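Worksheet: the structure to be examined is printed underneath.
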Amino acid sequence: MTHDHDLVLRPTPAQTEAALNPPPGRTGGDLVVETLTGLGATTVFGLPGQHALGMFDALRRSDLRYIGLRVENNAGFAADAYGRITGEAAPLLLSTGPGALTSLAALQEAAAASAPVLAISSQVPTAGLGGGRHGYLHELPDQAASFRGVVKSVHTVRTQSQIPSAIEAAWKSALSAPHGPVWVEIPQDVLLAETTIPVVTGGDAFPEELPPRPELTAVAADLLSKAARPAIIAGGGVVRADASKKLRQLAETLQAPVVTTPGGKGAFPWTHPLSLQSWIEDRHTTDFLEDADVLLVVGSGLGELSSNYHTFKPRGRVVQIEADLGKLESNHPALGIHADARLALQALLETVSEREDPTAPERVRALLAKVAERIAAQELTLEQEVLASVRRALPADSPSFWDMTILAYWAWSAFDAKGPNHLHSAQGAGGLGYAFPAALGAAAADPTRPVLAVSGDGGALYSIAELATARQYGLNVTWLIVDDGGYGILREYMTDAFGEATATELTRPDYVALAESFGVPGLRTTPENLEQDLAKQLASPGPSVVLLPAVLRMFAPTHLD
C-alpha cells in the first residue's frame with residue numbers, strides 16, 4: 001500500500017542536470033532569492049546594508065522586482081500593505097543591527113493586524129555569533145531576541161544548506177492562520193560565500209489550514225439557531241480570511257445584526273438592512289450588543305477599541321471564532337472556537353437553522369438613528385463634511401490607508417469602506433507614519449487603481465522621505481495631509497485631562513513646496529474644494545499630495561460616561 005506521505009516528486013532529467021551542474025558565481029544570497037522565487041514571490045521590499053549586500057547583489061540575477069524605501073520601518077509598512085492586498089507573504093530584506101531594529105514598529109503593526117510579512121535580515125559573520133563582544137559593526141548579543149516578542153516565529157540560519165528550508169518554513173508560518181510577520185536571519189559570510197548547492201527550483205508554498213472542531217461548531221450552531229436576539233461582531237479576521245461572503249450568508253440566515261470593528265471595516269455591506277455599520281465606540285451600540293442573548297464574535301479578540309475601551313459587558317452567551325489562540329477568551333468567557341474564520345463560518349452555514357425575525361432590520365434602523373442623533377448634537381459638521389468629501393472622491397474599488405490621526409478615528413466609525421480589504425489603518429499597534437508607505441506597498445501590489453493615504457501633519461513627517469520612493473517608482477498614490485499644526489488628538493487628550501497641552505505643537509514645512517521639490521505634484525485645498533481636488537489628483541497617474549489645513553475635532557467618547 002502506498003501512502004500520500006510516501007510519494008516523492010522525482011526530478012526531470014533537465015532538473016537533474018541543473019542540480020549536478022549549477023551555474024558558477026552563485027552565493028548564499030542567490031539561494032535566498034531562488035527560494036523566494038520558488039515559493040511564488042514576485043516583489044520584495046527593503047533597504048540595503050553592509051552585511052546584507054550578498055542578498056541585494058543576488059537580486060540582480062533574479063526576476064524579483066525590488067521596491068526600495070528610504071527607512072526600514074517604512075519598508076516594513078509597505079510590505080505589510082502588500083501582504084494585506086495580495087494575501088502573499090511580502091519579503092522584506094533588511095541589514096543587521098540598526099537597520100533590522102528600525103523595522104520593529106512596522107512588524108508590530110503587522111503582527112497586531114495579522115498581515116503576512118517575511119522579514120529576512122543579515123547577521124554579523126558566523127564567527128561573531130554566540131553573545132560574545134567581538135566588536136563587529138552592528139553587533140548585538142542576540143539580535144533575534146529583539147524580535148521574538150514581536151513576530152510570529154523566528155528562523156535562524158547558520159549554513160547555506162539551511163537557507164531554503166528556513167525561508168520555506170517562515171513563509172508557511174506567515175501565511176498560516178493567523179497570518180503575521182516572521183523573522184529569518186542569515187550571517188554575512190553565509191550570504192557572501194560562493195555555493196555549490198543546486199539551484200532552488202521550487203517549494204511547498206501551501207500553509208496549513210486551521211479548521212474548527214466539529215463538536216464546537218455544532219454547539220455554536222444550536223445556540224445561534226435558537227437565539228431570540230443574536231448579533232455578530234466581525235473583526236479583521238473575517239477580512240484576512242476572505243470570509244465576507246460567508247459572513248453575509250450566515251447573518252441573513254440567522255437574521256442577526258452585524259457590527260464591524262475598525263480592523264473588520266468592509267467585512268459586511270454598509271447599507272445592508274442588518275448592518276450596524278462600525279459605530280462600535282458608541283454606547284448605544286454597546287448596549288445593543290450587551291442585550292444579545294447569543295453574540296457571535298468572528299475574527300476579533302474584543303480588545304480595547306472593539307470593546308468600547310473595555311466597557312462592553314455581554315450578558316448573553318458569547319461564541320468566539322479566533323485563529324489567534326492567545327486572543328481566544330482572553331477578554332470574555334465564551335464558547336471558544338480556535339479556527340480560521342472562513343472555515344468556521346462555512347461549518348456554521350452547513351449546520352445552523354434558518355431564523356425569521358422581522359424585527360431585526362427595525363432594531364438596526366432604530367440604533368443607527370440614535371447614533372446619528374448623538375453625533376448631530378455635537379455640532380461636528382466640518383468633520384462629517386470632510387469625511388464625506390473623501391468618500392465621494394475615492395473610487396469605490398480603491399483601497400485607502402489611514403494614519404493615527406483624527407480623520408482616521410472618524411473613519412473607523414463613520415466611513416463606508418465599500419468592500420472588504422479596502423480600508424486599512426494602523427489601529428493594530430497604533431504607531432505613527434503608517435499610511436503613506438503602506439499605500440505605496442498597495443500601489444506596488446495593484447497598479448491598476450489609485451490608492452489613497454491619509455495622514456495628519458505629525459504622522460506625515462514620519463514618512464516624508466518616501467516621497468522620493470513614490471517618485472522613483474511612479475507609484476499611483478494620492479496623499480491627503482490634514483495639517484492642524486501639531487499632534488491634534490494628543491492636543492485634545494491633554495487639554496481635556498490637564499487643561500492645557502504640552503509638546504503637541506509642531507513647526508512644519510510647506511508640504512506643497514516640499515512635495516514639488518521631490519517632483520511630486522502638490523495642491524493646497526479647502527474643505528469646500530476637497531472633493532473636487534482630491535478626485536482630480538486620484539484620477540491623475542503617479543504620486544501626488546493634497547494638503548488640507550484644518551483643525552478637526554473628535555466626537556465625544558461614551559466609554560468615560
With Cα atoms, 0 to 90° folded angle of helix 488-498 axis to the chain main axis = 60 degrees
query = What is the chain's relative contact order, in percent, from Cα pairs under 8 angstrom and six or more apart in sequence?
reply = 13 percent
task = Give, as a single signed number, the net charge of other residues whose beta carbon lies under 10 Å from the beta carbon of P549, with Lys and Arg counted +1 and Asp and Glu -1.
result = -2
ask   = What are the residues whose amide H is under 5 Å from the amide H of A339, where those residues sit 5 or more places off or on another chain and H is modelled from the backbone?
value = E322, A323
query = What's the long-distance tail for the stretch 412-455, i.e. % of Cα pairs beyond 18 Å?
reply = 29 percent
task = Using only the Cα atoms of the stretch 508-549, build the gyration tensor, take square roots of its eigenvalues as a ≥ b ≥ c, and label the shape rounded, prolate or oblate: rounded if a/c is under 1.5, else prolate if a/b is larger than b/c, else oblate.
result = oblate
request  = Report the full-extension gain for the segment A127 to S161: residue separation times 0.36 nm, less the Cα-Cα distance, to one decimal in nm.
outcome  = 10.5 nm
key: Neighbour-limited loop hits for GluC sites (Glu not before Pro), the stretch 420-527 (at most 11 other Cβ within 10 Å; DSSP other than H, G, I, E, B)   = E500
ask   = How big is the equivalent ellipsoid of the stretch 198-326 along its three axes, where each semi-axis is √(5λ) from the Cα gyration tensor, reported in whole Å from largest to smallest?
value = 29, 17, 15
note = Against the 2.2 N^0.38 Å rule of thumb, the C-alpha Rg of the stretch 453-504 sits at a ratio of 1.47
ask   = To the nearest 10 square angstrom, how much accessible area does M494 have with a 1.4 angstrom probe?
value = 50 Å²
note = Label model pair H310, R65: point-to-point distance (7 angstrom along the Cα→beta-carbon line) in nm is 4.4 nm
task = State which entries of K245/K313; K370/K418; K246/K418; K246/K370 exceed 19 angstrom in Cα-Cα distance in the structure shown.
result = K245/K313; K370/K418; K246/K370
note = Gyration tensor on Cα atoms of the chain, a ≥ b ≥ c root eigenvalues, a/c under 1.5 rounded, else prolate if a/b beats b/c, else oblate, says oblate
inquiry  = Given points 7 Å out from each Cα along the Cα-Cβ axis, report the W270 to T196 separation in nanometres with one decimal.
reply    = 6.3 nm
request  = Using the Karplus curve 6.51 cos²θ - 1.76 cosθ + 1.60 with θ = phi - 60°, work out ³J(HN,Hα) for each residue of the stretch 320-331 in order, rounded to whole Hz, and write x for Gly and Pro.
outcome  = 10, 9, 8, 7, 8, 4, x, 8, 5, 6, 6, 10
task = Quick one: work out the % antiparallel among DSSP beta bridges in the chain, nearest 5.
result = 5 percent
remark   = Relative contact order in percent for the stretch 431-561 (Cα pairs under 8 Å, 6+ apart) equals 27 percent
remark   = On the accessible surface of the chain, probed at 1.4 Å with all protein chains in place, carbon and sulfur together account for a percent value of 53 percent
message = List the residues, sorted by chain then number, that are 5 or more residues from R355 or on another chain and whose placed amide H is less than 5 Å from its amide H.
response = L254, Q255
remark   = Computed over the chain: longest principal axis from alpha-carbon atoms vs helix 163-175 long axis, angle to nearest 10 degrees, is 10 degrees
ask   = Can you give the relative contact order of the stretch 310-382 as a percent, counting alpha carbon pairs under 8 Å and 6+ residues apart?
value = 20 percent
ask   = Based on the Kirkwood radius over alpha-carbon pairs, what value in µm²/s does the Stokes-Einstein equation return for the translational diffusion coefficient of the stretch 301-348 at 37 °C and 0.692 mPa s?
value = 290 µm²/s
key: Cα-projected label distance for L137 with R213, points at 7 Å along beta-carbon direction, nm   = 5.4 nm
request  = Project the alpha carbons of the stretch 394-506 onto their principal axes and report the range along each, largest first, in whole Å.
outcome  = 48, 31, 22
query = How much of H179 can a 1.4 Å solvent probe reach, expressed as accessible area in Å² and rounded to 10?
reply = 40 Å²
message = Students sometimes get this wrong: rank W279, W479 by accessible area, probe 1.4 Å, all chains present, largest first.
response = W279, W479
query = Quick one: what Rg and Dmax do you get for the stretch 242-286 from the alpha carbons, in Å?
reply = 10.2, 29
request  = Provide Rg and Dmax in Å for the stretch 59-103, with only Cα atoms included in the calculation.
outcome  = 11.1, 29
message = I'd like the distance between the alpha-carbon centres of the stretch 103-138 and the stretch 399-470, rounded to an integer number of Å.
response = 25 Å
key: Per residue accessible area of the chain, 1.4 Å probe, in Å²   = 40 Å²
request  = Relative to the compact-globule scaling 2.2 N^0.38 Å, provide the ratio for the alpha-carbon radius of gyration of the stretch 56-196.
outcome  = 1.00
note = Among GluC sites (Glu not before Pro) in the stretch 269-322, those in a DSSP loop whose Cβ has at most 13 other Cβ atoms within 10 Å are E304
request  = Mind giving me the FRET efficiency for Q50 and T253? R0 is 56 Å, r the Cβ-Cβ distance, nearest 0.05 is fine.
outcome  = 0.45
task = With a/c under 1.5 counting as rounded, go ahead and sort the stretch 114-172 into rounded, prolate or oblate using the C-alpha gyration tensor (a ≥ b ≥ c being the square roots of the eigenvalues; past the cut-off, prolate if a/b is larger than b/c, else oblate).
result = oblate
inquiry  = Using only the alpha-carbon atoms, how far is helix 214-226 inclined from the longest principal axis of the chain? Give it as 0 to 90 degrees, nearest 10.
reply    = 20 degrees
task = Please check the chain for the longest run free of trypsin sites (Lys or Arg not before Pro) that are loop-located per DSSP (anything but H, G, I, E, B) and have at most 11 other Cβ atoms within 10 Å.
result = 316-561
key: Heavy atoms of V199 accessible to a 1.4 Å probe, total area in Å² rounded to 10   = 50 Å²
inquiry  = I need the calculated FRET efficiency for the pair A513 and L560, taking r as the beta carbon distance and R₀ as 25 Å, to the nearest 0.05.
reply    = 0.05
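The values are calculated or read from the model by the stated rules, or taken from the named source; none is laboratory data. All values reported here derive from a predicted model rather than from experimental measurement. Positions of Cβ are generated from backbone atoms using ideal geometry, with glycine treated the same way; all protein chains shown enter the neighbour counts. Accessible surface areas use protein heavy atoms only, side chains included; no ligands, DNA or RNA. Shrake-Rupley method; radii C 1.70, N 1.55, O 1.52, S 1.80 Å.
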